[in-house]
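Worksheet for the structure shown next.
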Amino acid sequence: MCNLYAMESSSSTIRAAAAAVTDRAGNLPAMPSIYPDYAAPIVRNGSNGRELVMARWGMPSPAFALKGHKVDRGVTNIRNTESPHWRRWLGPAHRCLVPFTAFAENSLLPDGRIQPVWFAATEKRPLRFFAGLWTSWTSVRKMREGEVTADVFGFLTTEANAIVAPVHPKAMPVILETPNEIALWLNAPWADAAALQRPLDPKHMLTCSPA
C-alpha cells in the first residue's frame, strides 16, 4: 500500500506532460515526501480543458469503515473498482492524473524496523503519473480542523510487478507513461479506461536512492 511518494517536477513540466491549459496550483515547490492528507498537485478535466490544481490525498472512506469513527482520514489507494462506493467516481469527470517522480513501499528489516524502498523510472526520477480519482467532499478529516469541504484524490493500484513484488507483493500503483494512456484515462468510457489498471512493465522501473 503506497502511502508515501515524491513529486519534484516543476509546474511547467507537469503542464507540458499532461497538456494542461490552466494552472490553479500556484507556486509549486519540490515535494520529496508526500504523505496521506497532504495537499499535492493533480491534473483533471476542467470546463476549459485540463487543469493543474491542488487536492488532499485521501478519497472518502466507505461507510462500513467509518462505523464508530468521528474522523475520516481518507483512502489513498483504490483497488476494487467493482465496489459501488468507487463506481460513482469512475467517469471522466472524476478521473485525474497524479504527478510523481518516485514512490515508496515499506520493507520490513530483520530487526523489525520499517524502511521505505523507493521506485522510479530511472535514478534521475523523471515525471510520470498515477491514474487517479478525485472528488469534492465534506467531512471531518482531523478533529482539530473540524468539518471541511475539500477536493480530495486517491490513485488506483493493481498487481505488483517483478520490481515491486519483493518489497510489497500485494499491489503497486497504476502508472501512466504515454500521451495515449493519459488521454485514454482522462477521456475514455470506463470499459476502455479500465484496461489501464495493470502492472507497469518492470523494464520501465527500478529501485532508486531515497528522496
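In the stretch 154-192, the residue that is nearest to Arg50 (Cα to Cα) out of those that are more than 16 Å from the chain's Cα centre (by Cα) and touching a residue at least 60 places away in the same chain (Cβ under 8 Å) is Asn187.
Residue check: Pro116 meets all listed conditions (1) within 25 Å of Ile163 (Cβ to Cβ); (2) touching a Phe, Trp or Tyr at 6+ places or on another chain (Cβ under 8 Å); (3) part of a strand (DSSP E or B) but one, namely (2).
Looking only at the stretch 27-55, which residues are out of contact with any Phe, Trp or Tyr (no Cβ under 7 Å at 6 or more places or on another chain) and of a type in the set (D, E, K, R)?
In the first step, residues of the stretch 27-55 are kept if they are out of contact with any Phe, Trp or Tyr (no Cβ under 7 Å at 6 or more places or on another chain); the result is 27-33, 35, 39, 41, 43, 45-54.
Passing the criteria: Arg50, Glu51.
Confirm whether Trp134 is within 12 Å of the chain's Cα centre (by Cα) and in a strand (DSSP E or B).
Values: within 12 Å of the chain's Cα centre (by Cα): yes; in a strand (DSSP E or B): yes.
So Trp134 fits the description; yes.
The residue that is modelled with the lowest pLDDT, among those in the stretch 53-68 that are outside any strand (DSSP E or B) and closer than 19 Å to Leu156 by Cα, is Ala65.
Residues in the stretch 114-164 that are aromatic (Phe, Trp, Tyr), modelled with pLDDT of 95 or more and either closer than 19 Å to Pro62 by Cβ or exposed (fewer than 12 other Cβ atoms within 10 Å of the Cβ) (or both): Trp134, Phe153, Phe155. Each residue in the stretch 46-61 was checked for being under 18 Å from the mean Cα position of the chain (by Cα) and over 20 Å from Pro99 (Cα atoms), and 2 of them qualify.
Search the stretch 28-42 for residues being farther than 21 Å from Phe119 by Cβ and in contact (Cβ under 8 Å) with a residue 12 or more places away in the chain, and hand back the single one that is surrounded by the most Cβ atoms within 10 Å (Cβ to Cβ). Reasoning before the result, please.
Here is the first cut: in the stretch 28-42, the ones farther than 21 Å from Phe119 by Cβ are 28-29, 37, 39.
With the extra rule that they be in contact (Cβ under 8 Å) with a residue 12 or more places away in the chain, the set shrinks to 28, 37, 39.
Working: Leu28: 19, Asp37: 17, Ala39: 15.
Among residues in the stretch 28-42 that are farther than 21 Å from Phe119 by Cβ and in contact (Cβ under 8 Å) with a residue 12 or more places away in the chain, the one surrounded by the most Cβ atoms within 10 Å (Cβ to Cβ) is Leu28.
Does any residue of the stretch 196-206 turn out to be touching a helix residue (DSSP H, G or I) at 6+ places or on another chain (Cβ under 8 Å) and either part of a helix (DSSP H, G or I) or at pLDDT 95 or above (or both)? If you could, list the steps in order and put the result at the bottom.
Going residue by residue through the stretch 196-206, those that are touching a helix residue (DSSP H, G or I) at 6+ places or on another chain (Cβ under 8 Å) are 196.
Imposing the further condition that a residue be either part of a helix (DSSP H, G or I) or at pLDDT 95 or above (or both) reduces the set to 196.
Yes, some residue in the stretch 196-206 is touching a helix residue (DSSP H, G or I) at 6+ places or on another chain (Cβ under 8 Å) and either part of a helix (DSSP H, G or I) or at pLDDT 95 or above (or both).
Can you tell me which residue is farthest from the chain's Cα centre (by Cα) among those in the stretch 8-45 that are under 15 Å from Ile182 (Cα atoms) and assigned to a strand (DSSP E or B)? Here the answer is Asn45. Among the residues of the stretch 44-67, just one is farther than 20 Å from Trp86 by Cβ and crowded, with 21+ Cβ neighbours inside 10 Å, namely Leu52.
Does Thr101 qualify as being hydroxyl-bearing (Ser, Thr, Tyr) and surrounded by fewer than 19 Cβ atoms within 10 Å (Cβ to Cβ)? So Thr101 does not fit the description; no.
Let's see how each residue does on (1) closer than 22 Å to Ala16 by Cα; (2) of a type outside the set (Lys, Arg):
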site	(1), (2)
Ala121	yes, yes
Lys124	yes, no
Arg141	no, no
Arg144	no, no
Glu147	no, yes
Phe155	yes, yes
Ile182	yes, yes
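Can you tell me which residue within the stretch 9-27, out of those that are touching a Gly at 6+ places or on another chain (Cβ under 9 Å) and not hydroxyl-bearing (Ser, Thr, Tyr), is surrounded by the most Cβ atoms within 10 Å (Cβ to Cβ)?
Just the residues of the stretch 9-27 that are touching a Gly at 6+ places or on another chain (Cβ under 9 Å), to begin with: 11, 19-22, 24.
Among the residues that remain, those that are also not hydroxyl-bearing (Ser, Thr, Tyr) are: 19-21, 24.
Values: Ala19: 13, Ala20: 23, Val21: 12, Arg24: 12.
Taking the candidates together, the pick is Ala20.
The values are calculated or read from the model by the stated rules, or taken from the named source; none is laboratory data. Model, not experiment: these values are computed from the prediction. A quick note on method: Cβ atoms are made from the backbone with ideal geometry, for glycine too, and the neighbour counts reach across all protein chains shown.
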